[in-house]
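The values are calculated or read from the model by the stated rules, or taken from the named source; none is laboratory data. Since the structure is predicted, the reported quantities are computational estimates derived from the model, not experimental observations. Don't worry about glycine lacking a Cβ; one is built from the backbone with ideal geometry, like all the others, and counts go over all protein chains shown.
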Amino acid sequence: MQSRHAWLCGVVIAGWVLAGCSRQAPPPAAMAVPVTVTRAVARDMPIVVAAPGTVEAINAVAVKSLVEGQLLESLVQDGADVQAGQLMFRIDPRPAQAALQQAEAALAKDRATLEQARSQVERYRDVAAKGYVSADQMEQYRTNLGVAQAAVKLDEANVEAARLSLDYTRIRAPISGRLGRIQIRPGNLVKANDANALVVINQIEPIYVNFALPGSHVGRVLAAQQAGPLAVRANVIGVAQPLQGRLAFVDNTVDSATGTIRLRGEFANDGHALWPGQLVSVELTLGHDAHAVVLPDKAVQNGPQGSYVYRVQDDRRAQMRAVSVARVQAGLAVIDSGVAAGDLVVLDGQSRVHDGSALRFEETAPAATTDGAP
């Protein structure tokens with residue numbers, strides 16, 4: 001009796017086990033993917049084209065001596081700032097002073113001769129009219145007067161040239177700017193218009209930045225100029241804020257070899273952040289999009305079919321959306337289509353997201369505001 005009871009219990013337990021094994025466990029609930037999202041916004045965005053640029057001095061002068069002599073004194077230092085007309089060098093003036101004195105002495109002599117010739121003509125004019133002096137003699141007196149007058153004019157020119165040579169012994173800055181390295185030191189002999197300059201002065205305030213754009217931009221640049229002066233910004237390594245300038249020049253031809261057109265920006269450069277020969281990054285503003293849809297550029301992904309984003313639907317699930325990106329500027333992507341202002345978009349964590357994924361997120365600040373416009 002006990003063995004039969006045990007057998008029945010075993011059958012019941014085996015039935016329960018088999019029944020439990022025949023049931024399928026319910027699928028686990030899908031885990032929500034943690035992501036960061038942001039909201040697309042509409043804002044005013046400048047239309048900017050960028051290019052590398054080279055800084056160039058507006059004016060550069062190689063200072064040379066116009067007279068020969070010994071350099072006595074240098075009144076400036078390497079790298080000094082100078083103003084137009086400032087005295088920089090002195091050359092031994094004694095030879096020029098002696099030449100001036102000689103010219104002045106010759107002028108005084110010839111002026112005395114001129115007075116004598118003039119008095120002779122005055123004295124014999126009336127006598128010659130009465131026939132007491134021959135016509136040939138009177139003509140000689142007039143010739144002597146003309147020769148004396150010409151000699152005085154020549155002497156006056158020689159005196160002026162000697163004074164100019166004496167003034168050239170004091171070399172002044174022809175423009176305002178920054179000096180380079182002084183090439184000839186006091187005590188050395190300098191020659192007139194020597195191949196080696198005493199020093200080079202670069203005008204750096206204001207200053208130019210030269211850059212080039214593809215020839216396809218010519219129409220846009222010229223059309224934008226019709227609306228007013230175009231803003232140019234220069235980004236300099238080590239300078240926190242971009243420098244502001246204006247477009248000063250557009251070349252009249254596209255370079256057929258490179259397919260580019262040369263442009264030039266002018267900058268006040270009162271802080272001397274721009275230096276001749278320096279390489280900078282240039283941004284030219286051609287206009288503005290008044291209501292551009294903007295996202296942080298890292299929200300936009302690239303796939304085999306092009307650019308896309310993950311838009312957050314009302315049920316907090318991800319929806320893959322193809323987007324058309326007009327341009328990326330200052331870390332912001334300007335969206336032509338695919339996303340509307342106000343849409344929530346996945347900003348970070350896309351690697352764990354696929355189309356239809358449940359999302360768990362906190363919203364970050366919008367992509368940008370008008371106050372943060374570049």
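Got a sec? Which of 112, 106 is at pLDDT 90 or above, surrounded by 14 or more Cβ atoms within 10 Å (Cβ to Cβ) and under 30 Å from residue 166 (Cβ atoms)?
On the way: 112 fails: surrounded by 14 or more Cβ atoms within 10 Å (Cβ to Cβ).
Among 112, 106, only 106 is at pLDDT 90 or above, surrounded by 14 or more Cβ atoms within 10 Å (Cβ to Cβ) and under 30 Å from residue 166 (Cβ atoms).
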> Does at least one position in the stretch 265-288 carry a residue that is surrounded by fewer than 16 Cβ atoms within 10 Å (Cβ to Cβ) and under 25 Å from residue 339 (Cα atoms)?
Replying inline: yes
> Which residue pairs have Cβ atoms under 6 Å apart, sit 6 or more places apart or on different chains, and have a first residue in the stretch 56-73 that is in a strand (DSSP E or B) and a second that is of a type in the set (D, E, K, R)?
Replying inline: 69/92; 70/92; 72/90; 72/92; 73/90
>> Please determine whether any residue of the stretch 157-166 is of a type in the set (Ser, Thr, Tyr) and either in contact with a Leu (Cβ under 8 Å, 6 or more places away or on another chain) or surrounded by 17 or more Cβ atoms within 10 Å (Cβ to Cβ) (or both).
In response: yes
> So, in the stretch 115-156, of the ones that are part of a helix (DSSP H, G or I) and hydroxyl-bearing (Ser, Thr, Tyr), which residue ends up farthest from residue 166 (Cα to Cα)?
Replying inline: 124
